[in-house]
Structure formats: C-alpha cells, structure tokens
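Input: a single structure, listed below in structure tokens.
The values are calculated or read from the model by the stated rules, or taken from the named source; none is laboratory data. From a predicted model like this one, the values you see are computed outputs, not experimental measurements. As a convention, Cβ positions derive from the backbone with ideal geometry for all residues, glycine included, and neighbour counts pool all protein chains shown. For accessibility, only protein heavy atoms count, side chains too; no ligands or nucleic acids. Shrake-Rupley method; radii C 1.70, N 1.55, O 1.52, S 1.80 Å.
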Amino acid sequence: MEKVYDVAVIGGGVVGGMTLRELSRYQLKTILLEQAEDVVMGASKANSAIVHAGFDAEPGTLKAQYNVEGNALMEAVTGELSVPFRRNGSMVLAFSEEDLKTLRDLQERGRKNGVPGVRLMSREEALSQEPNLSEEIKGALWAPSGGIVCPYELATAAIGNAMDNGAELKTGFRVTGIEKENGNFVVISEAGEKLYARYLVNAAGVHADEVARMIGDDSFSITPRRGEYMLLDKTQGATVFATIFQPPTKMGKGVLVTPTVDGNLLVGPTSEDISDKADTATTPEGLEKVERLSKLSVPSVNLRAVITSFAGLRATPGGGDFIIGPSAADAGFINAAGIESPGLTASPAIAVAVVKHLEEAGLVLIKREDFSSFRKPFPKFRRMSGAEREALIRQDASFGRIVCRCETITEGEILAAIRRNPPARDVDAVKRRTRAGMGRCQGGFCGPQVVEILSRELGLPMDEVTKCGGASRMLVGKTKETQ
Amino acid sequence: MERLDLVVIGGGPAGMAAALGAWHQGVRNILILDREAQLGGILEQCIHNGFGLHHFKEELTGPEYAARYAKEVADCGICCLLDTMVLDLAEALDGSGDKVVTAVSSKEGYLRIHAKTVVLAMGCRERPRGALNTPGTRPAGIYTAGAAQKFVNIKGYMPGKEVVILGSGDIGLIMARRMTLEGAKVKAVCELMPYSGGLTRNIVQCLEDFGIPLKLSHTVVRIHGRERVEGVTIAAVDGSRKPIPGSEEFIPCDTLLLSVGLIPENELSRAAGVKMDPVTGGAVVDQNRQTSLPGVFACGNVLHVHDLVDYVSEEAELAGQSAAAYLRGEAPCGGTVEVKARDGVRYVVPQRLCKDAGPVSLYFRVGDIYKDVKIVVKCGEKVLLSRPKKKVVPGEMERLPLTAGILSQIDGDVTVCLEQKGAE
Ligand SMILES: Cc1cc2nc3c(=O)[nH]c(=O)nc-3n(C[C@H](O)[C@H](O)[C@H](O)COP(=O)(O)OP(=O)(O)OC[C@H]3O[C@@H](n4cnc5c(N)ncnc54)[C@H](O)[C@@H]3O)c2cc1C
Ligand SMILES: Cc1cc2nc3c(=O)[nH]c(=O)nc-3n(C[C@H](O)[C@H](O)[C@H](O)COP(=O)(O)OP(=O)(O)OC[C@H]3O[C@@H](n4cnc5c(N)ncnc54)[C@H](O)[C@@H]3O)c2cc1C
C-alpha cells in the first residue's frame with residue numbers, strides 16, 4: 001500500500017512554508033514539495049522585505065484583509081520563530097499637490113482597512129524625522145505599523161519549525177502532473193516520481209496557474225512581473241529609519257528606500273511584466289531606473305556602496321486579487337495563488353485561511369499534544385554579548401572560528417545551517433540561513449571555506465558542491481598537480 | 001589583566017616586519033594576531049616569483065618571502081596567536097590610553113587584550129562583483145581573482161575552464177597565466193580604463209607571453225547563464241567609461257574572474273575612530289605611520305594598496321620602530337603640516353609631516369598615464385624638489401625620498417604635483 005499523505009503543499013515559499021507550519025499543529029501526515037534543491041528560491045527570497053501596514057490595498061479585497069491580519073500576527077510569528085522583525089514605520093512622500101491628494105486617499109483606505117495610526121505629516125515633521133529626505137517633499141503619510149523582516153529567514157524558519165514538528169520536505173520535486181486514483185491525488189514529478197495525498201495546496205508562486213491547470217483548473221493566469229533592486233553596504237543602513245515609499249502615480253509605483261533588519265539599505269523595485277517565469281536577471285535599464293528614482297526620495301543615497309543587485313518576480317494574477325480557496329475543479333485542491341505583494345506580510349494569515357478551507361473541504365483537524373510553535377533560535381554570534389560568545393565557544397569550539405569576516409559568521413553557524421531543518425545543501429542555502437557571503441565582499445573570502453565545509457559535512461567531493469543546485473557547480477575539477 | 005606593549009593585528013608581511021621593527025628596538029612584550037592558520041598573509045597563495053627584488057636583491061616566491069620573515073619572528077621568540085580573528089579595537093575606558101583588542105579563536109575562546117600600542121596590518125580585500133553592479137544573472141562561476149587563486153594554489157581545484165577576466169590588476173594578470181598553465185583557456189582580459197592597473201612586467205609575462213588579448217577600454221556589460229556562467233557580453237567604453245552601443249560582443253565562457261581593485265580592510269580602524277583618507281581607503285598617518293589615535297600605527301596594504309611587498313616591509317618596519325619610540329616615551333614629532341596631492345597625483349602617504357622628521361619618503365600614485373613630466377614637491381610657492389620622470393602610470397606606486405635638508409625648509413603645507421616638462 002502506498003503511503004498517502006493527508007496534505008501535500010506544492011511550493012516551498014513563504015506561503016507554502018507558513019501553511020505547512022499551520023498544518024503541523026494537527027495530527028496529520030504532511031509534506032512540502034519544492035522543485036528547487038532548496039526551499040525559498042522564488043519570490044520569497046527576492047522582495048522588498050516590508051511588512052506592509054495595509055493602507056495600499058483596495059478595501060474589501062483579500063489582499064486588504066490578509067495584509068492587515070498578517071501584519072498583526074507578525075510579532076507573535078517572528079517571536080516564536082526567533083526571526084528579527086522591527087516596526088520601523090512606513091512613510092509615503094508627496095512631491096506635489098496631486099500627491100497630497102493621493103496621500104489623503106491612502107489615509108482613507110487605511111482607515112477602511114482597519115490600519116492603526118495612519119496620519120498625515122507636514123513637510124517639516126517628515127524632514128525632522130528623516131533628515132535625509134528630499135527637500136522637495138510637500139508632506140508625507142505615516143503608518144507606524146509598517147515593519148521590516150528578513151523574508152527568507154522567516155520562510156525558512158517556518159519550514160524548519162514545521163519539520164521539527166513532523167512535517168516532511170521533498171526538494172528537487174518539480175510537480176509536472178496531477179492525477180486522481182481511489183479518491184486520492186497522485187502528484188507526479190518531472191523525474192517520474194509519484195506521491196499520494198488526500199488534499200493539495202497550490203502555493204507554487206508564479207507557476208501556480210500551471211499547477212492548477214494540472215487538475216483542469218484554468219480559471220486564472222499568472223504574469224511574472226519583475227522587480228529589480230540594489231542592496232547597499234551596512235555603512236549606509238542608517239540613511240533612513242522608516243521605509244520610504246513614493247506615491248503611486250500615472251507614471252508608476254515609484255521605488256522605496258528602506259533599511260533592512262540586518263542593517264543594510266535596500267532600494268527598488270522596478271516593475272516590469274515579462275514572459276519568462278524564471279528570468280531574474282537584472283538589466284542596465286532597471287538598475288538605472290532604481291538609481292534615478294531612489295534619488296528623488298533620498299538625494300544623498302550613496303549608490304557607490306552597492307554590494308549586490310538582484311531581481312524578484314511577482315506572481316501577478318489576472319484578476320488583481322489573491323486567489324485563496326478551493327478550486328472549482330476539485331474541492332480538495334486549495335489554491336493559494338496570485339500571491340503578489342503584500343504576500344509576505346499576509347502569509348501568516350493566508351496560512352490560517354488555507355487550513356480553514358481544508359477543514360471545510362473535509363480534512364479533520366485534531367491538535368497535536370507535542371506541537372511546539374517555538375523554533376530554537378538559530379545561533380547568531382554577531383548579535384551576542386562578550387559573555388555569551390565566551391560561553392558558546394567553550395561549549396563548542398566551532399563557534400570560535402570566524403568563516404565570513406564581513407558578517408562575522410562562525411563555522412558553528414554554518415554547521416547548524418547544514419544540520420538543522422531544513423538542511424542547507426549548497427553555498428547559497430548556507431548564505432540564506434547564516435548570512436555567510438552576504439556582506440561587502442560577497443563571499444570572495446569565505447566562499448572557498450564554505451565549499452570545503454559543505455564537502456566535508458555532506459561527504460561530497462569539493463567539485464560537486466553547487467552554488468544553488470543543478471548545474472551550478474562551484475569548481476570544475478582538480479588542478480594538474482592534485483589530479 | 002596582562003598589559004602588552006605592542007599588539008600587531010595581521011601577520012602578513014606588514015605585521016611581521018612591524019613586529020620585528022619594534023623587537024630590534026628592544027620591545028619584547030609583543031603579540032601578533034592573525035585569523036589564518038599561518039603567518040604570511042596573502043603571500044601564502046602567491047606562489048609565483050617576483051617578490052623581494054628590492055629588499056633581498058633576489059627573486060623569491062610569495063611563500064619564500066614570507067618564510068624569511070616568519071623564521072625571524074620565530075627566532076626572536078615573538079608570540080603569535082593564529083586562527084584568531086580580531087573583532088574590535090577600542091580605547092580603554094580607564095583613561096590609561098591603552099587600547100583594548102577583542103579577538104576570538106576556537107582554542108583561546110573570547111579574548112580581551114590590553115595593549116599600550118597597536119599596529120594595524122590587516123591588509124586589503126578585493127572589490128567584489130556587487131560593487132560593479134554588472135547587470136544579468138547571478139550564476140556560479142564568478143569569482144574574484146584572489147578567491148580563484150586560493151582555490152587553485154591552496155585547495156588544488158579549478159574554478160573553471162573557459163575564462164574571461166575583468167580588470168587588469170596584478171592579481172588578475174597573475175591568474176590569467178596561472179589558469180592558462182593549468183589548462184584553462186583565458187579568452188580575454190577586459191580593462192575599463194585605457195591603461196592597465198597592473199605592473200608592466202606582469203602584462204608582458206602573464207598576457208603577452210601567452211597570447212592572451214588585453215582589451216583596454218572594455219567592460220563586461222552583461223552576465224549570462226542561470227546556474228553556471230555561460231558567457232559574458234563585453235563592450236567598448238567611451239571617454240566617460242560608458243559602454244558604446246553597437247560595440248557589444250558575446251564571449252562564451254564558464255568563468256568570470258574579477259580583478260577590479262583592492263580595498264584596505266579598515267572596518268576595525270573605522271569603528272575605533274581612526275581618521276581615514278577617502279582616497280586611499282586607509283588611515284591618515286604622519287611620517288611615523290601613526291594614525292589619528294595616539295599609539296595606533298598602520299602599515300602595508302591596510303594603509304594604502306602597494307604593488308610591491310618590498311615597500312610593505314619597509315613601511316611596516318618604520319611603523320614598528322615608531323611604536324617602540326612611542327613606548328620609550330619619546331614624544332614623536334607628529335604631523336604638523338599636511339601633505340596634499342594635486343594635479344595628476346591621486347594621493348600621498350604620509351598625509352602629515354613635520355619639518356624635524358629627518359629623512360622621509362613620500363609614496364604616491366598618479367591618476368592617469370603621464371609622459372615626460374616632472375614630479376614637483378612644493379611648500380607654498382617654494383619648490384622643494386623637482387624630479388623629471390619619463391613615464392608615470394597609475395599601476396606603479398612612486399617613492400620619493402626627501403632629505404632632512406629639504407624638510408628643514410618646510411614652513412607650511414606641502415603639495416606633491418605633476419608638471420609638464422619644460423613648462424617653466
Ligand atoms: C519585487 C517584489 C517585491 C515584493 N515586496 C513585498 C513586500 O515588501 N512585502 C510583502 O508583503 N510582499 C512583497 N512581495 C510579495 C511576496 O514576496 C510574495 O507574495 C511571497 O513571497 C509569495 O510567496 P509564495 O510562497 O506564494 O511564492 P514563492 O516564494 O515564489 O514560492 C513558490 C515556490 O513554488 C515552487 N514551485 C513552483 N512551481 C512548482 C512546481 N511545479 N513543483 C514544485 N514546486 C514549484 C517555486 O520553486 C517556489 O519555491 C514582493 C514580491 C516581489 C516579487
Ligand atoms: C595575487 C597577488 C600577487 C602579488 N604579486 C606581487 C609580486 O609579484 N611582487 C610583490 O612584491 N608583491 C606582490 N603582491 C603584493 C603583496 O603581496 C602585498 O603587498 C602584501 O602581501 C601586503 O602585505 P600586508 O601584510 O599589508 O597584507 P596581507 O598580506 O594581506 O596580510 C594581512 C593579514 O592580516 C590578517 N588580518 C586581517 N584582518 C584581520 C583581523 N581582523 N584579525 C586577524 N587577522 C587579520 C590577514 O589574515 C592577513 O594574514 C601581490 C599581491 C597579490 C594579492
């Protein structure tokens with residue numbers, strides 16, 4: 001008899017991850033299926049990292065509802081998962097009389113959506129709070145409940161917590177077909193592997209429309225909309241304190257300038273519909289635009305301090321709103337699709353909603369006695385006091401070996417990333433879990449050492465260690481002398 | 001808490017020479033800290049020869065040059081803590097003027113060391129891809145030349161087979177040859193500027209001898225390949241270093257090596273409040289290599305990027321000797337006048353001087369290639385020194401000794417500039 005899972009979640013982003021965690025509260029056999037060789041390789045790793053306040057979404061939409069709910073849940077979720085989160089506040093700038101009108105509209109939307117504390121600020125007040133803003137501004141909208149979080153850390157922690165509570169993970173499993181057999185779903189991978197489940201959750205990001213079509217649901221389509229960013233060195237992290245938005249105009253949405261929870265400065269994104277759902281390349285035009293627009297808000301933004309640029313793809317739904325609920329084609333198939341911004345913010349609330357839909361579809365939820373919503377904090381040497389560091393090294397000498405010197409990441413942390421759920425198997429996976437290689441030298445120095453540690457821990461030859469799975473090998477073979 | 005006379009941060013050629021400089025002047029209570037498992041710094045991975053021509057009057061490899069110093073350090077019995085990373089440098093809170101060095105190692109744990117003097121000798125690191133902001137994908141196969149050098153020379157692995165190198169700094173040139181000797185195909189070296197940033201001898205010995213094209217005024221405008229690099233698009237650039245539309249050329253390759261500049265590793269110095277020179281990326285120092293913090297000295301690549309290790313050793317020895325003088329309580333005559341770079345000269349080290357300093361050498365770099373010029377040192381309108389030079393290039397540091405006699409004429413800020421020959 002084949003093993004039948006109660007629920008299989010397709011897509012290991014923040015939505016799939018949060019859903020998996022929510023499911024792991026109950027006595028269920030659950031599994032997360034992810035096509036890439038690590039989790040959190042889609043939109044959830046490349047976005048603005050803002051916990052939106054919720055004044056932007058149109059009242060009455062799922063976006064508005066889950067945004068505000070998710071925002072309110074963020075303290076509890078990040079606390080339980082030991083993920084840094086800060087309510088630094090969001091500020092939208094006005095550059096003209098027309099913009100001031102837009103701000104008043106946003107304020108009204110915020111009121112309707114139930115966003116706490118949204119108010120207009122005078123030019124002077126905004127400038128005294130954020131001295132680096134453009135002198136050109138006419139006023140601003142202030143939303144104190146806006147925040148910042150590390151999106152991949154949040155998603156990875158949610159998946160790790162679910163796994164610690166018994167959920168399973170299968171990476172490298174690209175769903176290419178779904179059939180039905182004896183009332184169960186048969187999920188088929190590209191490699192021909194089969195997996196059985198009573199219920200499915202479709203959290204496949206930009207590919208969610210294709211996955212839905214596998215069960216005959218063609219009710220929606222997803223367009224990838226690319227957003228490009230530049231990340232600046234930590235020396236620039238205090239350029240602004242709040243997240244600085246530009247007002248939406250006929251010319252577009254503008255770009256934001258924000259500190260990150262890790263102390264860098266992030267500027268972007270652009271917004272461009274593309275056709276290729278995997279094209280996360282940055283472009284000269286995009287980067288130039290980010291530069292030009294960010295300077296409108298913060299003229300002194302120092303783009304010479306860029307340490308990397310990247311792009312993410314929004315899963316833009318044809319209908320505009322999130323698509324959350326059972327598919328018309330099969331009630332046991334729950335869509336969590338079209339989750340573009342503010343999907344990161346909304347994800348804890350979306351997860352609760354998805355589980356509710358599953359229950360309504362007949363899934364029996366019995367609480368697990370041994371469930372723990374807490375994830376043991378990931379060791380972070382860089383944030384410890386001297387005494388804590390001393391104690392940690394005495395306990396485990398690998399914490400006395402600094403591997404990444406830009407971010408002060410120890411070997412102990414890299415080992416934890418490889419050994420803890422969900423396990424890191426490649427260089428980028430180590431980087432997302434520990435920050436090794438995320439600093440100003442971008443892995444120039446720690447790269448070789450991380451490859452060595454991965455090779456040792458995974459029992460792989462050095463030249464089979466990859467950057468991000470697949471063909472992304474770091475090294476191509478031995479030198480003549482060592483062959 | 002034990003109080004050391006001198007803590008040297010970094011055990012590369014600069015750190016070792018500084019420690020020895022102090023030792024030979026009678027300082028005994030010295031500690032060298034380095035995060036690597038052995039002394040030698042970046043020289044350990046520079047297995048090519050070309051080191052020590054000035055200092056030892058013979059051609060050594062990097063490890064051989066380092067080994068000579070390491071042996072002397074060991075012979076003198078100077079203490080070293082290796083595998084030890086310095087995390088912080090600060091002034092002691094007790095008003096003693098001591099410095100507190102915080103370090104960490106798996107063997108010794110978490111250390112707080114008090115020292116009367118500190119020499120900064122942390123070297124430099126390479127500029128990464130991000131700093132260039134090259135558009136495109138972010139696949140495997142993009143390395144700084146130094147990281148590739150470490151893989152090949154220390155770990156024994158090849159980072160790729162078909163290589164394009166961006167930037168013609170010395171490390172890039174050396175790696176072009178090294179990768180070729182290891183059987184890789186180096187398809188081109190692209191340099192944004194109309195001239196190479198590397199030593200002429202490296203261009204000849206590492207590129208020309210192997211028929212590797214050096215494309216001046218070219219840059220990489222796009223990186224291709226999702227998982228592993230599949231190619232790069234290069235383009236010619238105009239006078240303002242902007243890519244010229246229509247000049248793009250796609251080069252298939254699996255590896256892009258970057259040799260686009262070095263940045264002094266000064267996070268510790270900055271956090272400690274040492275005054276920095278925005279041009280060199282290193283500390284502002286006087287002729288003794290003392291920084292703006294009394295008792296803290298800097299030398300080697302952490303002060304300004306050197307191309308020859310011989311000058312590193314020379315400068316570091318001076319820094320060590322100055323620490324010894326400081327410990328003896330000899331009020332060193334600090335910098336009373338500024339040394340400024342003008343007209344074609346990018347920077348000068350030291351940035352401060354005093355007229356009673358005795359003989360001093362000025363080290364500087366120019367901002368472009370100049371032919372048939374005079375290097376002129378002035379104080380106000382007074383010309384202190386004028387030296388003709390056939391050619392000066394940005395890739396080669398210039399050294400200009402000033403005698404005590406010249407220094408005694410100083411009565412204000414000094415400028416170093418280039419003048420066209422015969423322009424008087
Ligand atoms: C540029 C940009 C900026 C944004 N800014 C913000 C912001 O500031 N605040 C905010 O709240 N939200 C923001 N968002 C939105 C947020 O990032 C997304 O809503 C959220 O990450 C979506 O998560 P997800 O899990 O649905 O999708 P993803 O993270 O994309 O995860 C989907 C996963 O499914 C996998 N998958 C796809 N197809 C298959 C298959 N066939 N088989 C197996 N696995 C498959 C993918 O590999 C991927 O890992 C932004 C988005 C973008 C792109
Ligand atoms: C590829 C390459 C080729 C070269 N070729 C030549 C050549 O042919 N001829 C020539 O004369 N010169 C050459 N040079 C130049 C010469 O090697 C350097 O100028 C010299 O090594 C600089 O010495 P340094 O001590 O200042 O720095 P480094 O050698 O970089 O030493 C700095 C040391 O400080 C340590 N350190 C830094 N921060 C910390 C910290 N926080 N805690 C603990 N330790 C720390 C580092 O681990 C390192 O060991 C070359 C350099 C390179 C990189």
Completion exercise
Cβ pairs under 9 Å, 6+ apart or interchain, first in segment B:1-15 and farther than 11 Å from residue B:316 by Cα and within 16 Å of ligand 1 (Cβ to nearest atom), second of a type in the set (S, T, N, Q) and open to solvent by 10 Å² or more (accessible area, probe 1.4 Å), ordered by first then second residue, are none
Problem - Considering residues of segment A:301-324 that are more than 26 Å from residue A:41 (Cβ to Cβ) and crowded, with 19+ Cβ neighbours inside 10 Å only, the residue modelled with the lowest pLDDT - result: A:305
Handout entry: Every pair of residues 6+ apart whose Cβ atoms lie under 9 Å, when the first sits in segment B:46-73 and is within 14 Å of another protein chain (Cβ to nearest Cβ) while the second is part of a helix (DSSP H, G or I) and within 7 Å of ligand 2 (Cβ to nearest atom)
Key = B:47/B:62; B:47/B:149
Fill in the blank from the handout: (1) among the acidic types (Asp, Glu); (2) part of a helix (DSSP H, G or I); (3) over 14 Å from residue B:20 (Cβ atoms) all hold for residue B:58 apart from (2)
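For residues that are among the aromatic types (Phe, Trp, Tyr) and under 17 Å from residue A:150 (Cβ atoms), scanning just segment A:369-383, find the one that is most open to solvent (accessible area, probe 1.4 Å). Give the derivation first.
Taking segment A:369-383 first, the residues among the aromatic types (Phe, Trp, Tyr) are A:371, A:374, A:378, A:381.
Okay, now just the ones that are also under 17 Å from residue A:150 (Cβ atoms), so A:378, A:381.
Numbers: A:378: 33, A:381: 1 Å².
If we take residues in segment A:369-383 being among the aromatic types (Phe, Trp, Tyr) and under 17 Å from residue A:150 (Cβ atoms), then A:378 is most open to solvent (accessible area, probe 1.4 Å).
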Handout entry: residue B:324, sole failed condition from (1) among the hydrophobic types (A, V, I, L, M, F, W, C); (2) farther than 21 Å from residue B:15 by Cα; (3) in a helix (DSSP H, G or I)
Key = (2)
Handout entry: Cβ pairs under 7 Å, 6+ apart, first in segment A:368-384 and in a loop (DSSP other than H, G, I, E, B), second surrounded by fewer than 16 Cβ atoms within 10 Å (Cβ to Cβ)
Key = A:368/A:27; A:375/A:82; A:377/A:82; A:378/A:82
Completion exercise
Filtering segment B:94-124 down to residues that are among the polar types (S, T, N, Q) and either within 13 Å of ligand 2 (Cβ to nearest atom) or surrounded by 17 or more Cβ atoms within 10 Å (Cβ to Cβ) (or both) yields B:102, B:105, B:106, B:117
Fill in the blank from the handout: Log entry, pairs with first residue in segment A:35-50 being on the phi > 0 side of the Ramachandran plot and away from ligand 2 (no atom under 16 Å from the Cβ), second being assigned to a loop (DSSP other than H, G, I, E, B) and open to solvent by less than 50 Å² (accessible area, probe 1.4 Å), beta carbons closer than 7 Å, six or more apart or on different chains, reads A:40/A:12; A:40/A:13; A:49/A:150; A:49/A:260
Problem - Output for segment B:149-178, where each listed residue is under 19 Å from the mean Cα position of the chain (by Cα) and either closer than 21 Å to residue A:466 by Cβ or open to solvent by 30 Å² or more (accessible area, probe 1.4 Å) (or both) - result: B:150, B:170, B:171
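If only one of B:181, B:199, B:132 is within 14 Å of chain A (Cβ to nearest Cβ) and touching a residue at least 60 places away in the same chain (Cβ under 8 Å), which one is it? Outline the logic, then answer.
On the way: B:181 fails: touching a residue at least 60 places away in the same chain (Cβ under 8 Å); B:199 fails: within 14 Å of chain A (Cβ to nearest Cβ).
Result of the check over B:181, B:199, B:132: B:132.
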Handout entry: Filtered residues of segment B:249-306 (kept if away from ligand 2 (no atom under 16 Å from the Cβ), crowded, with 24+ Cβ neighbours inside 10 Å, in contact (Cβ under 8 Å) with a residue 60 or more places away in the chain and not in a loop (DSSP other than H, G, I, E, B))
Key = B:255, B:256
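Check whether at least one residue in segment B:274-284 is within 14 Å of another protein chain (Cβ to nearest Cβ), more than 16 Å from ligand 1 (Cβ to nearest atom) and among the small types (Gly, Ala, Ser), and report yes or no.
Just the residues of segment B:274-284 that are within 14 Å of another protein chain (Cβ to nearest Cβ), to begin with: B:276, B:278-279, B:281.
Subsequent filtering for residues that are more than 16 Å from ligand 1 (Cβ to nearest atom) retains B:276, B:278-279, B:281.
Checking the rest, the ones that are also among the small types (Gly, Ala, Ser) come to B:281.
Checked against the condition, which is being within 14 Å of another protein chain (Cβ to nearest Cβ), more than 16 Å from ligand 1 (Cβ to nearest atom) and among the small types (Gly, Ala, Ser), segment B:274-284 yields at least one hit.
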Handout entry: Residue count for segment B:126-148, restricted to those that are open to solvent by less than 10 Å² (accessible area, probe 1.4 Å), out of contact with any Ser or Thr (no Cβ under 6 Å at 6 or more places or on another chain) and hydrophobic (A, V, I, L, M, F, W, C)
Key = 2
Exercise for the section: Within segment B:83-93, identify whether any single residue is surrounded by fewer than 19 Cβ atoms within 10 Å (Cβ to Cβ), part of a strand (DSSP E or B), touching a residue at least 12 places away in the same chain (Cβ under 8 Å) and more than 16 Å from ligand 2 (Cβ to nearest atom), and answer yes or no. Expected result: yes
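Every residue, every condition in (1) of a type outside the set (Gly, Ala, Ser); (2) within 22 Å of residue B:124 (Cβ to Cβ), yes or no:
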residue	(1), (2)
B:278	yes, yes
B:282	no, yes
B:295	no, no
B:308	yes, yes
B:316	no, yes
B:319	no, yes
B:336	yes, no
B:359	yes, no
Practice task
Starting from residues that are over 26 Å from residue A:146 (Cβ atoms) and in a strand (DSSP E or B), keep the ones in segment A:318-365 and report whichever is farthest from ligand 2 (Cβ to nearest atom).
Solution key: A:326
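May I ask you to say which residue of B:207, B:192 is surrounded by fewer than 20 Cβ atoms within 10 Å (Cβ to Cβ) and more than 16 Å from ligand 1 (Cβ to nearest atom)? Outline the logic, then answer.
Numbers: B:207 fails: surrounded by fewer than 20 Cβ atoms within 10 Å (Cβ to Cβ).
One residue alone meets the criteria, B:192.
May I ask you to verify whether residue B:10 is open to solvent by less than 40 Å² (accessible area, probe 1.4 Å) and touching a Phe, Trp or Tyr at 6+ places or on another chain (Cβ under 9 Å)? Give the derivation first.
Details: open to solvent by less than 40 Å² (accessible area, probe 1.4 Å): yes; touching a Phe, Trp or Tyr at 6+ places or on another chain (Cβ under 9 Å): no.
No.
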Practice task
Specify the residue that is most open to solvent (accessible area, probe 1.4 Å); the eligible residues are those in segment A:97-138 that are in contact with a Phe, Trp or Tyr (Cβ under 6 Å, 6 or more places away or on another chain) and under 19 Å from residue A:87 (Cβ atoms).
Solution key: A:119
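Which strands (runs of 3 or more DSSP E) does segment A:83-202 wholly contain that include 2 or more residues that are under 26 Å from residue A:298 (Cβ atoms) and in contact with a helix residue (DSSP H, G or I) (Cβ under 8 Å, 6 or more places away or on another chain)? First the steps, then the outcome.
Details: elements: A:90-94, A:119-122, A:139-143, A:147-149, A:168-170, A:175-181, A:184-189, A:194-202.
Ranges flagged: A:90-94, A:119-122, A:139-143, A:147-149.
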Handout entry: In segment A:257-281, residue farthest from residue A:51 (Cα to Cα) [restricted to those that are assigned to a strand (DSSP E or B) and out of contact with any helix residue (DSSP H, G or I) (no Cβ under 8 Å at 6 or more places or on another chain)]
Key = A:273
Problem - Count of residues meeting criterion [more than 18 Å from residue A:344 (Cβ to Cβ), open to solvent by less than 10 Å² (accessible area, probe 1.4 Å) and more than 9 Å from ligand 1 (Cβ to nearest atom)] in segment A:1-37 - result: 6
Fill in the blank from the handout: Counting only residues in segment B:378-409 that are within 26 Å of residue B:168 (Cβ to Cβ) and in a strand (DSSP E or B), the one most open to solvent (accessible area, probe 1.4 Å) is identified as B:390
Handout entry: When residues of segment A:282-313 are limited to those that are over 24 Å from the mean Cα position of the chain (by Cα) and in a loop (DSSP other than H, G, I, E, B), the one nearest to the other protein chains (Cβ to nearest Cβ)
Key = A:302
Practice task
Examine segment A:427-434 for a residue that is among the small types (Gly, Ala, Ser) and either within 23 Å of residue A:377 (Cα to Cα) or buried (at least 22 other Cβ atoms within 10 Å of the Cβ) (or both), and state whether such a residue exists.
Solution key: yes
